[in-house]
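The values are calculated or read from the model by the stated rules, or taken from the named source; none is laboratory data. All values derive from a computational prediction rather than experimental measurement. Here the Cβ is made from the backbone with ideal geometry for all residues, glycine too, and neighbour counts use every protein chain on show.
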Amino acid sequence: MIEGKLVNLRAREMSDLERMTVWVNDREVTRFQSVRYPWSLAMEEAFLRGQTASPIAYSNVSLAIETKDGAHIGGCGLHGASPENRAAELGIMVGDKEYWSKGYGTDAVVTLVRFGFDEMNLNRIELHVYDFNERAQKSYRKCGFVEEGRMRDAHYAAGVYSDVVVMGLLRDQWLSTDFTNSHS
Ligand SMILES: CC(C)(COP(=O)(O)OP(=O)(O)OC[C@H]1O[C@@H](n2cnc3c(N)ncnc32)[C@H](O)[C@@H]1OP(=O)(O)O)[C@@H](O)C(=O)NCCC(=O)NCCS
């Protein structure tokens, strides 16, 4: 268990299955993610079986987000970590919409970033976010991420092309902020 201020990040469990299947089929949630097609319970079960069958690995840290009361509200992870580059890509989904815009996502990102730098010895964490996802961009900026560039028209959904914003955070930059002290 990785402890934040508002949330804990824990290993995924098979008992997460039904909630995760609901979230991954909720277009209000997935419009912000790369998920596009309907996703069956069986596919989600296969995904979770893979995730829960072996220990969390350096190259694929995938975790459930829980409130301090034990409510399972989403998931997040650091993916594709490379020991040569000491870099990984961050992903997050607060799937339970009741918990949006209440600080839980930002706390999960701060907690995950701290884990990435302090425990995995990463030097760089990056992420991709759609330009219309202003809530996510605000949250990431609060955690120290800066915009590094844009992939123009890289995403298409609901008949509209959108830019994909690339954001990044370096360890030195993170150390020079308050996050290490304010989220212990
Ligand atoms: C993006 C996400 C992780 C953010 O977590 P959250 O708990 O909802 O957000 P937080 O409350 O921590 O922070 C969001 C901030 O944006 C603000 N905000 C909310 N809606 C906004 C909007 N439409 N435009 C601009 N800012 C907005 C909030 O007020 C808050 O700022 P504040 O703390 O200064 O008040 C979460 O909403 C989520 O998972 N959404 C669905 C999937 C998704 O977008 N994943 C990310 C893909 S890159």
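Some notes on this structure:
- Every listed requirement among (1) more than 22 Å from V35 (Cβ to Cβ); (2) of a type in the set (V, I, T); (3) at pLDDT 95 or above; (4) more than 16 Å from the ligand (Cβ to nearest atom) is met by V160 save one, (1).
- Residues located in the range 1-42, provided they are among the aromatic types (F, W, Y) and in a loop (DSSP other than H, G, I, E, B): F32, Y37, W39
- Sole residue being modelled with pLDDT of 95 or more and among the small types (G, A, S), chosen from S54, S62: S62
- Members of the range 106-129 that are under 28 Å from G159 (Cα atoms) and near the ligand (Cβ under 7 Å from one of its atoms): L127, H128, V129
- Screening the candidates D178, D153, D172 for the property of being modelled with pLDDT under 95 and exposed (fewer than 14 other Cβ atoms within 10 Å of the Cβ) yields one hit, D178.
- Answer residue from the range 71-88, given it is surrounded by 15 or more Cβ atoms within 10 Å (Cβ to Cβ) and not small (G, A, S) and is farthest from the ligand (Cβ to nearest atom) among those: R86
- Those helices (runs of 4 or more DSSP H) of the range 87-181 in which 2 or more residues are under 15 Å from the mean Cα position of the chain (by Cα) and of a type in the set (G, A, S) occupy 104-118, 134-142.
- Qualifying residue in the range 151-169 (condition: among the polar types (S, T, N, Q) and either free of Cβ contacts under 8 Å to residues at least 24 places away in the same chain or more than 19 Å from V109 (Cα to Cα) (or both)): yes
- Candidates K97, K142, K68, filtered to the one that is touching a residue at least 24 places away in the same chain (Cβ under 8 Å), more than 7 Å from the ligand (Cβ to nearest atom) and over 21 Å from D26 (Cβ atoms): K68
- Residue identified as in contact with a Gly (Cβ under 7 Å, 6 or more places away or on another chain) and of a type in the set (K, R) among R150, R141, R124: R124
- Pairs with Cβ under 6 Å, 6+ apart, first in the range 123-134 and touching a residue at least 24 places away in the same chain (Cβ under 8 Å), second within 7 Å of the ligand (Cβ to nearest atom) and not in a loop (DSSP other than H, G, I, E, B): V129/A136
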